[in-house]
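The values are calculated or read from the model by the stated rules, or taken from the named source; none is laboratory data. Source: prediction; values computed, not measured. Note that we place each Cβ from the backbone using ideal geometry, even for glycine, and neighbour counts take in every protein chain shown.
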Amino acid sequence: MGIHTLYKKREPQGAESSRAKYGNFRSGLNFPHLDTWATSAFCFRSNMSLRINIPPATRSCLVGLLTLSLLYNIARWRQIDTTGGTPTTSPLVPYLTLVPSYVFYYPWTIATATFVEQNIFTVLLNAATIFYGGKYLERAWGSREFSKFIAVIAVIPCVVIVPIYLTWGAIGGSSGTTLTQICGGVSIQGSFLVAFKQLVPEHTVTVFKGLVKMRVKHFPALFLLLNTIGGFIFGTDTAGVLAWLGVLASWTYLRFYKRQPDLTGTSNGSGIKGDASETFAFACLFPDVMQPPIAFVADQIYAVLVAMRIMTPFSEDDIASGNQQVLARGEAGLPTLLSSQRGGAGSRGKREEAERRRTLALRALDQRLQAATIARPQPQPLGEPSSSSHGASAPVAAAGQGMLGETSYNPDHA
């Protein structure tokens, strides 16, 4: 005898009639709108899980930014409530933000200060920077290289800014300078612009329906200009210093230390260290008018560092590999947020930018090859070869063909 039979025997009288009268609850009640809502919710969750695909390093940066900013503001609000809202001369949260006078007591703030924002507007700005820029760079470089880049641009500016403010406070005789709270992702924003300058320098960003057009290679200079002016006018000197330190730290790392794949096959398999291409020189971060004096100063500093054996000069193979990297990145573009071009116009724009970049890189490569050919000494023959042997050993170029090593490029504007 089954359980169902026992259950039926123990049913009170009238249960069968009630069930027959009102019907089974699950089968009698029909909610088509509820079924449609459940199906739509399931599809929405599935689409969201497919669309929101954030790489791991970028996701970690976003979580760190939101968590540390929330903890900072909670601690600040609690301290303001404790003191009755009266201003104090001591820093509010020295264990999360970088304070030059307290850095020896809280050394971990060198790593956390970059991911602490003081208000909702800067949180949203830095979150958008990490979300869009971080996704692009992490997919271009890989999670490991992107994590190294984030570590450099988050730690190095904070390490350098501490002695700057300590010296500034000692010279000015003001203790308020050494108690300045240093935090924010300004260094990340400037560093991402330098990385975009390396990857897509000739990409044109169009905003306000074509009213404003600017190439990516001009973004670092504009960023430095705005933060420097803001530091003098609005008193945001901390943001100005962090902007300069972020740009310098990111360019130094990308120029001399980050591993690049070797496209010429001259390395031992680990890739080329740094980016020796002419288009990524420090002077190229600024407009063409400012490049000659900046290049002169940068070359002198570089020569001193090489003489002191702090840096190793680039070889010809490194420069050739860097120029090959520029050619290989010719088809790259920015995320759709930074590019308002659509359809055929966007495709034509990308082709024109790729052709322009190839032309510049090939022109620089031509100059290098010609300089190497002129500088190479010609070997002196031991004897005068015969005309027959000379004709047999020296191949004659066919009509319409150039000599070996000559580079010519005709962009296809069709």
| note | A careful count of residues in segment 92-121 that are surrounded by 17 or more Cβ atoms within 10 Å (Cβ to Cβ) and more than 19 Å from residue 150 (Cβ to Cβ) gives 10
| Out of (1) under 30 Å from residue 106 (Cβ atoms); (2) without any contact (Cβ under 8 Å) to a residue 60 or more places away in the chain; (3) not hydrophobic (A, V, I, L, M, F, W, C), the odd one out for residue 185 is which? | (2)
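Let's see how each residue does on (1) touching a strand residue (DSSP E or B) at 6+ places or on another chain (Cβ under 7 Å); (2) of a type in the set (Val, Ile, Thr); (3) modelled with pLDDT under 95; (4) more than 23 Å from residue 178 (Cβ to Cβ):
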{"residue": "61", "(1), (2), (3), (4)": "no, no, no, yes"}
{"residue": "68", "(1), (2), (3), (4)": "no, no, no, no"}
{"residue": "75", "(1), (2), (3), (4)": "no, no, yes, no"}
{"residue": "82", "(1), (2), (3), (4)": "no, yes, yes, yes"}
{"residue": "89", "(1), (2), (3), (4)": "no, yes, yes, no"}
{"residue": "101", "(1), (2), (3), (4)": "no, no, yes, no"}
{"residue": "116", "(1), (2), (3), (4)": "no, yes, no, no"}
| message | Can you tell me which of (1) over 21 Å from residue 71 (Cα atoms); (2) touching a strand residue (DSSP E or B) at 6+ places or on another chain (Cβ under 8 Å); (3) of a type in the set (A, V, I, L, M, F, W, C) is the one residue 171 doesn't meet? | response | (2)
| Could we say that residue 216 is among the β-branched types (Val, Ile, Thr) and more than 21 Å from the chain's Cα centre (by Cα) here? | no
| request: Take the residues in segment 268-322 that are small (Gly, Ala, Ser) and assigned to a loop (DSSP other than H, G, I, E, B), then tell me which one is surrounded by the fewest Cβ atoms within 10 Å (Cβ to Cβ). | output: 269
| task | Check segment 235-249 and report whether any residue there is modelled with pLDDT of 95 or more and outside any helix (DSSP H, G or I). | result | no
| said: Whether any residue in segment 215-225 is in contact with a Gly (Cβ under 6 Å, 6 or more places away or on another chain), outside any loop (DSSP other than H, G, I, E, B) and surrounded by 13 or more Cβ atoms within 10 Å (Cβ to Cβ) is what I want to check. | reply: yes
| said: Can you list residue pairs whose Cβ atoms sit under 6 Å apart, with the first residue in segment 210-237 being farther than 20 Å from residue 286 by Cβ and the second being of a type in the set (Gly, Ala, Ser) and part of a helix (DSSP H, G or I)? Count only pairs 6 or more apart in sequence or on different chains. | reply: 236/230; 237/231
| said: Restricting to segment 90-121, name every residue that is in contact (Cβ under 8 Å) with a residue 40 or more places away in the chain, β-branched (Val, Ile, Thr) and not in a loop (DSSP other than H, G, I, E, B). | reply: 109, 110, 112, 114
| query | Regarding residue 198, is this residue more than 26 Å from residue 288 (Cβ to Cβ) and either buried (at least 19 other Cβ atoms within 10 Å of the Cβ) or β-branched (Val, Ile, Thr) (or both)? | reply | no
| note | A careful count of residues in segment 145-181 that are out of contact with any Pro (no Cβ under 8 Å at 6 or more places or on another chain), among the aromatic types (Phe, Trp, Tyr) and within 18 Å of residue 237 (Cβ to Cβ) gives 1
| note | Checked pairs for segment 298-323, first polar (S, T, N, Q), second in a helix (DSSP H, G or I), C-beta under 8 Å and 6 or more apart or across chains, list as 312/306; 323/278; 323/361; 323/364; 323/365; 323/368
| note | Only unsatisfied item for residue 165, checking (1) in contact with a strand residue (DSSP E or B) (Cβ under 8 Å, 6 or more places away or on another chain); (2) buried (at least 19 other Cβ atoms within 10 Å of the Cβ); (3) outside any helix (DSSP H, G or I), is (3)
